[in-house]
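Colleague: Handing you a structure now.
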Amino acid sequence: MGSRKENEQNKCEMTTDLDTALDLAGAGKYQVFHCALMVSTLGASILEMIGCSFLLPLAACDLQLSDHLRGIITSIPNIGIILTAPFWGPIADAMGRKPVLIVSTLLSGVIGLIAAFMPNLTSFALCKFAGSLFLSCPSSLGFAFAGELMPRRRRDMAVLICNASLMLIASLCPILAWIVFTIDWEHSNIFIKPWRILTVAYAVPLILSALWMTQTKESPKFLMMKSKEKEALKVLAHVYSFNTGRTPDEYKVTSLKKEDNSDQVDGEAITVTKTSATALLKPPHVKWLLLLGFLMLGLFSLLNGLFLFTPHTINKMMTKLPNETVSICFSLNQPDNVTHTVTCIDSISYDTFKITVITALFYGAIVMAVSLSPLSKKTLLVGMYSLVSAACIVSVITRNRFVAGVSMSTLELTALGIGPLNAYAVQIFPTSLRGSAVGAVMMFGRVGSMLGANMAGMFLARGCDYTFYAFAALIALCAALSFLLPNDNKPTSKSEKTSL
């Protein structure tokens, strides 16, 4: 009895800041559960966006899709995301991470499901565009939500591991396509085109993720920003109980200090007096927003631009002039006769699937290993941008089909930079602006996706060599600009020094 009273007395005196409270709640099973949920949400949105790279070659006959429209249709998801990205961040900052994620993820999945049954290209494109209006939120906010439930000292690692896991999930895109297109669907009483089945397969994970999202808790950082201290304490007590197996009443913290709207970047204190997203456009935040935005623009212009043409490009290399030693650009300049045939399912070869699946799994494992390494975010970004820039040049100059296919698949490694850039956004910007900042940075990326997809679709057949060299130069510039980013956070505050 005496020890219980003593514990209760100590508990009554436990008042601390949110970061220390998160440390006391521990980093364990709940964080694993929460990060897995965020990975599933982010991964589902990625499958929906990049699935067009495998859908369009197979749906070319049914949708009467010509080659010059391929880039436009590929960029449609990013157009919708760009239009709505400025709104989802402030909405999440005003209404909360959890409810906004549930609604946006569910609606994007349902509309994507409806797109599978559209009869023509116009209706299919309209459905994809409508779904993309809600896709901006799950494709970006998940990183901020994952970081806000982690202790500060493990926050960067959590975001990097989430990002590495997304690489493995991205490999499901060719794997699902491979599975769907190897099944003989004609044995069923009602014949459904395989590309429609694949559209459903890419949309269902969004719906499942939205349902799973109902089991998580709201961000305590958001709750404190809204002066909901009691609700934030309940979340922290639940996290503590989930991690330790003890009752929530045993959680030591009974009150939280008000959230300090100031962060530090390289020792420079940054105070926020406005919670409006317009504060991002004023010093000192605007310089970091522009830098992170340009780096994300370069990344996505390649990842969701040139890289999405990898299946189409590799497939042409494997099927056109198989007995000759030619470059990628020479293969792309060969006429394509399959667009107006009825055998759309044969437009992607087995070798194309084999290369894309194996390289996706291999690079996903590399990204996971690198993310678990002690390398800093800045080192990861500089190394990634430099390697991918070199891969662009190798892809265009080599005449070996295997080397060209592997080097072009290496462009997928640009996904390694999404996690560090979002981790920088979480590190640099304060809680009141964090959702808006991550959304704005990702909006730059979506602009890059739209520009990259249209440039690749427009110029690959007309100026293939120059297209690859232009992308290589852009990524090399991003590597140089990455040196301007601040160093990783070091534990300098008193709360961090005393954290568990």
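Any read-out appearing in this document is the output of simple, stated calculations on the displayed coordinates, not a laboratory observation. Computed from a predicted structure; not experimentally measured. Cβ placement follows ideal geometry from the backbone for every residue including glycine, while neighbour counts extend to all protein chains displayed.
Colleague: Quick check on packing: order 118-124, 164-170 by the mean number of other C-beta atoms within 10 Å, highest mean leading. Could the numbers behind the result be given before it?
Modeller: Numbers: 118-124: 14.4, 164-170: 21.6.
So the order, starting with the most tightly packed, is 164-170, 118-124.
Colleague: Is the C-alpha gyration tensor of the stretch 391-466 telling us rounded, prolate or oblate? Criteria: a/c under 1.5 is rounded; beyond that, a/b larger than b/c is prolate, otherwise oblate. Before the final figure, lay out each step's value.
Modeller: Details: a/c = 4.83, a/b = 2.09, b/c = 2.31.
Oblate, because a/c is 1.5 or more while a/b does not exceed b/c.
Colleague: Further, regarding this structure: For the stretch 353-402, which trypsin sites (Lys or Arg not before Pro) are in a loop by DSSP, counting at most 13 other Cβ atoms within 10 Å? Walk me through the numbers on the way to the answer.
Modeller: Details: sites: 354, 377, 378, 399, 401; in loops: 399.
Of the trypsin sites (Lys or Arg not before Pro), the ones in loops of the stretch 353-402 whose Cβ has at most 13 other Cβ atoms within 10 Å are 399.
Colleague: Related question: Helix-only estimate, please: 222 nm mean residue ellipticity of the chain, summing -39500 (n - 2.57) across DSSP H runs of length 4 or more and dividing by its residues, to the nearest 500. Write out the running numbers ahead of the final one.
Modeller: Working: 23 runs with 335 residues, N = 500.
Rounded to the nearest 500, it is -22000 deg cm²/dmol.
Colleague: I need the peptides 134-144, 106-116 ranked by packing, meaning the mean over residues of other C-beta atoms within 10 angstrom, with the highest value on top.
Modeller: Details: 134-144: 29.3, 106-116: 21.6.
Peptide ranking by packing, descending: 134-144, 106-116.
Colleague: List the residues whose amide H sits under 5 Å from the amide H of residue 255, counting only those 5 or more places along or on another chain, with H placed 1.01 Å from N in the peptide plane.
Modeller: Amide H to amide H, under 5 Å and 5 or more residues apart or across chains, residue 255 pairs with 16.
Colleague: A further question on this structure: What shape does the stretch 131-182 take by its C-alpha gyration tensor, where a ≥ b ≥ c are the square roots of the eigenvalues and a/c under 1.5 counts as rounded, a/b above b/c as prolate, and the rest as oblate?
Modeller: Working: a/c = 5.17, a/b = 1.73, b/c = 2.99.
Cα axes put the stretch 131-182 in the oblate bin.
Colleague: Beyond 20 Å, how much of the Cα-Cα pair distribution for the stretch 30-95 remains, as a whole percent? Provide the component values of the computation, followed by the final result.
Modeller: Details: 1059 of 2145 pairs.
Beyond 20 Å sits 49 percent of the P(r) for the stretch 30-95.
Colleague: Right, next: Among the listed pairs 234/258; 98/128; 29/378; 257/378; 226/378; 221/378, which are separated by more than 21 Å between their Cα atoms?
Modeller: On the way: 234/258 16 Å; 98/128 24 Å; 29/378 29 Å; 257/378 32 Å; 226/378 33 Å; 221/378 26 Å.
Violating the 21 Å limit, Cα to Cα: 98/128; 29/378; 257/378; 226/378; 221/378.
Colleague: If you count, for each residue, the other Cβ atoms within 10 Å and average over each peptide, how do 17-27, 301-311 line up from highest to lowest? Kindly include the intermediate steps, with their values, before the conclusion.
Modeller: Details: 17-27: 22.4, 301-311: 26.7.
By packing density, highest mean first, the sequence is 301-311, 17-27.
Colleague: Ok, one more. Under a point-charge model restricted to the Cβ atoms of Lys and Arg (+1) and Asp and Glu (-1), what is the dipole moment magnitude of the chain relative to its Cα centre, in debye to the nearest 20? Before the final figure, lay out each step's value.
Modeller: On the way: 40 positive and 32 negative charges, 160 e Å.
For the chain, the charge dipole is close to 760 debye.
Colleague: If you don't mind, another one. Using a ≥ b ≥ c from the Cα gyration tensor of the stretch 414-457 (square roots of the eigenvalues), is it rounded, prolate or oblate, where a/c under 1.5 gives rounded and otherwise the larger of a/b and b/c decides, a/b for prolate? Provide the component values of the computation, followed by the final result.
Modeller: Working: a/c = 5.29, a/b = 2.03, b/c = 2.61.
In terms of gyration-tensor shape, oblate.
Colleague: Further question on the same structure: I'd like the orientation of helix 194-213 relative to the chain: the angle between its Cα long axis and the longest Cα principal axis, in ° from 0 to 90, rounded to 10.
Modeller: Orientation of helix 194-213: about 0 degrees from the principal axis.
Colleague: Along the Cα-to-Cβ line of residue 278, 7 Å from the Cα, sits a label point; which residues in the stretch 418-454 have backbone N less than 17 Å from it?
Modeller: The answer is 433, 436-437, whose backbone nitrogens lie closer than 17 Å to the label point.
Colleague: I'd like the FRET efficiency for residue 215 and residue 252, computed as 1/(1 + (r/R0)^6) with the beta carbon distance as r and R0 of 22 Å, rounded to 0.05. Could the numbers behind the result be given before it?
Modeller: Working: r = 26 Å, r/R0 = 1.16.
Efficiency at R0 = 22 Å is approximately 0.30.
Colleague: Each label point is 7 Å from the Cα along the Cα-to-Cβ direction; what then is the distance between the points at residue 484 and residue 369, in nm?
Modeller: It is 3.4 nm.
Colleague: At 7 Å along the Cα-to-beta-carbon direction for both residue 393 and residue 290, put a label point, then send me their distance in nm to one decimal.
Modeller: 2.9
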